[in-house]
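Step one of this worksheet: look at the structure below.
The values are calculated or read from the model by the stated rules, or taken from the named source; none is laboratory data. Note that the structure is predicted; figures quoted are calculated from it, not measured. Neighbour counts are summed over all protein chains in view; Cβ atoms, including those assigned to glycine, are modelled from backbone coordinates with ideal geometry. Only protein heavy atoms, including side chains, enter the accessible area calculation; ligands, DNA and RNA are left aside. Shrake-Rupley method; radii C 1.70, N 1.55, O 1.52, S 1.80 Å.
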Amino acid sequence: MSVDDLVGSRRQPRERVLDREVAMRLAATEYERVSLLLERLLPEHWALPTDCPGWDVRAMAGHILGMAEMVAGLPEMLRQQTLAGRAAKRSGAPLIDELTALQVAKNAHLSNAELIGRMRVIGPRAAKFRNRFLGLVQNRRMPEAQAMDGVEEWWTFGYLFDVVLTRDPFMHRVDICRATGLDLHVTADHEGVLVDDVAREWAGRHGEPVMLELTGPAGGTWTFGGGERVSMDAVEFCRTVSGREPASGVLAQQVPF
């Protein structure tokens, strides 16, 4: 796979709404919070099952690290995409499934301490590279469509790098805390900004009038044309629209994480 293949071409894909400086601050903070959470894990925590089928905490941590490694430099990005692409052609499985499996396998040999140490190093590098890389390709369409609720849609690299690649480790922090019983670190200036972006995208995707009330430090109130009132915890809202909880009505509308 070449750089040109990776970059793709221009169209009318989904773009980010977040300000770039805000997005980069969120990325750096999220990687830091992942590292802090991994450092809190006890030996018995690593083998606990998570909400992601087939993944225990250790596998999930390997994926988070592997995804950060992929966006910490162009050679590793091209390597992972190429290997995952070949595997997807052989298996017929979605590219993202082969990519995440590759990341888990890649880091399976690391000790828990080595994985934590590697995350400490790679997190800041990933945040910096995401910023530099997007200076070149932020408005370019990704080369492959993404499946959402059974429908294919196109994304810009800006949407992937500034939005989805920060939501992903955030949601996996939630997964790890649920699996282990550890408290989730939630603040208005970080998770609250992520939740606000998710809420606005969610409302735009389903297009129905709704009043959204989310509780907790990351919560807030949004009025999208009035209509139905939806009230719940902010983190549980994110879990629900990520597809981790069964839902109906407007809450059945999923958002990429």
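³J(HN,Hα) across the stretch 224-229 via Karplus (A = 6.51, B = -1.76, C = 1.60, θ = phi - 60°), whole Hz, x for Gly/Pro?
Residue by residue, the stretch 224-229 yields 10, x, x, x, 4, 9 Hz.
Mind checking the dipole of the stretch 41-180: about its Cα centre, +1 per Lys or Arg Cβ, -1 per Asp or Glu Cβ, Debye to the nearest 20?
600
Show me the ranking of peptides 176-186, 234-244, 98-108 by mean Cβ neighbours inside 10 Å, starting with the highest. Kindly include the intermediate steps, with their values, before the conclusion.
Details: 176-186: 16.5, 234-244: 21.2, 98-108: 18.7.
The packing order, highest mean first, is 234-244, 98-108, 176-186.
What span do the alpha-carbon atoms of the stretch 29-123 cover on each of the three principal axes, reported in whole Å from largest to smallest?
Computed over the stretch 29-123, the largest-to-smallest principal extents equal 39, 28, 23 Å.
To the nearest 20 debye, what is the magnitude of the charge dipole of the stretch 24-88 about its Cα centre, counting +1 on the Cβ of each Lys and Arg and -1 on the Cβ of each Asp and Glu? Before the final figure, lay out the partial values.
Details: 6 positive and 8 negative charges, 41 e Å.
It comes to approximately 200 debye.
Of Thr166, Thr156, Gln80, which is farthest on the positive side of the dipole of the chain, counting Cα position, with +1 on Lys and Arg Cβ, -1 on Asp and Glu Cβ, and the Cα centre as origin?
Gln80
If amide hydrogens are placed 1.01 Å from N in the peptide plane, which non-local residues have theirs closer than 5 Å to the one on Glu228?
Result for Glu228 returns Met211.
From the helices alone, meaning DSSP H stretches of at least four residues, give me the mean residue ellipticity at 222 nm for the chain, per-run term -39500 (n - 2.57), in deg cm²/dmol to the nearest 500. Don't skip to the end; give the middle numbers.
On the way: 9 runs with 136 residues, N = 257.
That comes out to -17500 deg cm²/dmol.
What are the ³J(HN,Hα) values, in whole Hz, obtained from phi via the Karplus relation 6.51 cos²θ - 1.76 cosθ + 1.60 with θ = phi - 60°, for each residue of the stretch 209-218 in sequence order, with x given for Gly and Pro?
x, 7, 10, 10, 10, 10, 9, x, x, 9
Could you check which residue among Pro53, Pro94, Pro169 shows the biggest mean-square fluctuation in a GNM of the chain with a 10 Å Cα cutoff?
Comparing Pro53, Pro94, Pro169 in the GNM, the peak value goes to Pro53.
Counting alpha carbon pairs within less than 8 Å and at least 6 residues apart, what relative contact order, in whole percent, applies to the stretch 206-257? Before the final figure, lay out the partial values.
Working: 80 pairs, mean separation 15.4, N = 52.
Once divided by the residue count of the stretch 206-257, the mean separation gives 30 percent.
Accessible area of the stretch 37-157 with a 1.4 Å probe: how many percent of it is carbon plus sulfur? Display every interim value, and only then the final one.
Working: 3420 of 5950 Å².
Answer for the stretch 37-157: carbon and sulfur cover 58 percent of the accessible area.
For the chain, set up a GNM with springs between Cα atoms under 10 Å and report which of Arg130, Arg20, Arg33 has the largest fluctuation.
So, out of Arg130, Arg20, Arg33, the one fluctuating most is Arg20.
Two decimals is fine: what is log10 I(q)/I(0) at q = 0.15 Å⁻¹ for the chain, from a Debye sum with one equal scatterer on every Cα and no solvent?
Scattering profile of the chain, log10 relative to I(0): -1.16.
What accessible area per residue comes out for the chain, rounded to a whole number of Å², with a 1.4 Å probe? If you can, show how the numbers build up before the last one.
Values: 11760 Å² over 257 residues.
So the chain comes to 46 Å² accessible per residue, rounded to a whole number.
State the Cα centre-to-centre distance between the stretch 129-149 and the stretch 179-249 in whole Å.
One Cα centre to the other: 25 Å.
Place a +1 charge on the Cβ of each Lys and Arg in the chain and a -1 charge on the Cβ of each Asp and Glu, then give the dipole magnitude about the Cα centre in debye, rounded to the nearest 20.
900
Compute the length gained on full extension between Ala108 and Arg125: take 0.36 nm times their separation in residues and subtract their Cα-Cα distance, giving the result in nm to one decimal. Could the numbers behind the result be given before it?
On the way: separation 17, 0.36 × 17 = 6.12 nm, distance 2.11 nm.
Full-extension gain reported as 4.0 nm.
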